Amino acid sequence: MTQAQLIDGKAIALELRKKVGEETHALHKQHGIKPGLAVVLVGEDPASSVYVRNKGIATKKAGMASFTHQLPADTSEQDLLQLVSQLNQDTSVHGILVQLPLPEQINSDKVLQAIDPDKDVDGFHPINAGRLMTGQPGHVPCTPKGCVVLAKSALKDLAGLEAVVVGRSNIVGKPVAQLLLNENCTVTIAHSRTKDLASVVRRADLLIAAVGLPQFIRGDWIKPGACIIDVGINRIDLEDGKTKLVGDVAFEEALAVAGSITPVPGGVGPMTIAMLLSNTLDAARRLIS
Ligand code: NDP
């Protein structure tokens, strides 16, 4: 039996980061602009702390300036809004990212909307969501953008394909569906109220799984030859007491049916940081255009 081609997100992301690094260097040399990314972390959530540290390392490796703001878990909404306002005005900061989730005393929507849309390198501001929806230039959320790059690496032209996106969150499902529509796919968005999900998924030439349930999408739901982009990152317990990261797709089952598939880890995950750097570079480049 032939196995699906593995889409190596790690290698593709490394290549992209190298290119961003070269272009960052050129921007600095030719125009004296060093792209700067400010990352704000409130509290000490271990997973968020790891993400923030990795983002800082990647930013510096690309030749950009990295500003990390670590605030205590009991920070007030007012104080966080004040910091965002300072970063909006800081000319050495081109991109601002507020790490989610935020503690419960802080309204995330209010904070995300306070970020200058042109510095909103996460692409979560309603203005950027509207720009994506209406086909205007703006920052596109990093994970969805990475999904499309990975799908194109396997399928080249996406036009005319049946794409099924499982999940409709503002940070993954909805923007990735919009991006696929922009690529001229015929897009279906499925969610927790979708009836007979298996038969909807079976239509997909291109499947994006962004559900957050470990190994939820089974091999026999998949159309033979389909391209599978698995966004899910789920930690499961193993019998020997260890844990393991798995995606939203039952990987071994899918491997036997799909045409191409992203592994977890090493698929979509590494693309997210690469796209964040790319968005930060774009934000800095706006100053010369
Ligand atoms: P959310 O929890 O915000 O959204 C999950 C979506 O899945 C919802 O739209 C929900 O539907 C849908 N869903 C839940 N249960 C079912 C079901 N039984 N059948 C069909 N649909 C269902 O998650 P996110 O979008 O934030 O993240 C999704 C996954 O992607 C997570 O595993 C997350 O860790 C991962 N992720 C990975 C990133 C990366 O860099 N690789 C970045 C961001 C996320 P409904 O709307 O009806 O509730």
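Miscellaneous remarks
- Karplus (6.51, -1.76, 1.60) ³J(HN,Hα), θ = phi - 60°, over the stretch 73-78, in Hz, Gly and Pro reported as x: 4, 8, 4, 7, 4, 4
- Highest mobility in the GNM of the chain, judged by mean-square fluctuation with C-alpha springs under 10 Å and restricted to 141, 35, 265, is found for 265.
- With neighbours defined as other Cβ atoms within 10 Å of a residue's Cβ, the residues 66, 92 order from fewest to most as 92, 66.
- Calculated P(r) of the stretch 131-209 - Cα pairs past 21 Å, %: 22 percent
- Helices in the chain, meaning DSSP H runs of at least 4 residues, each add -39500 (n - 2.57). Divided by all residues, the mean residue ellipticity at 222 nm is -13000 deg cm²/dmol.
- Each Cα pair under 8 Å and six or more residues apart adds its sequence gap; the mean of these over the residue count of the chain is a relative contact order of 22 percent.
- Cβ charges +1 (Lys, Arg) and -1 (Asp, Glu), total dipole of the chain, debye: 740 debye
- If the chain linking residue 86 and residue 184 were pulled fully straight, counting 0.36 nm for each residue of separation and taking away their Cα-Cα distance, it would gain 31.3 nm.
- Neighbour-count order for 271, 64, fewest beta carbons within 10 angstrom listed first: 64, 271
- Across the stretch 204-289, the volume of the C-alpha convex hull divided among the residues equals 115 Å³ per residue.
- Gain in span if fully extended, residue 109 to residue 192, counting 0.36 nm per residue against the direct Cα distance: 27.6 nm
- Coarse-grained scattering of the stretch 36-163 at q = 0.14, 0.16, 0.20, 0.21 Å⁻¹, given as base-10 log I(q)/I(0) from a Debye sum over alpha-carbon atoms: -0.69, -0.86, -1.21, -1.29
- Pairwise centroid distance, computed over Cα atoms, of the stretch 40-96 with the stretch 232-258, Å: 31 Å
- Antiparallel %, DSSP beta bridges [both residues in the chain], to 5: 10 percent
- Mean shadow area of the chain over all directions, Cα convex hull, nm²: 16.1 nm²
A short reminder: the numbers here are calculations on the coordinates, not readings from a lab. None of these values were measured; they are calculated from a predicted model. Here the Cβ is made from the backbone with ideal geometry for all residues, glycine too, and neighbour counts use every protein chain on show.
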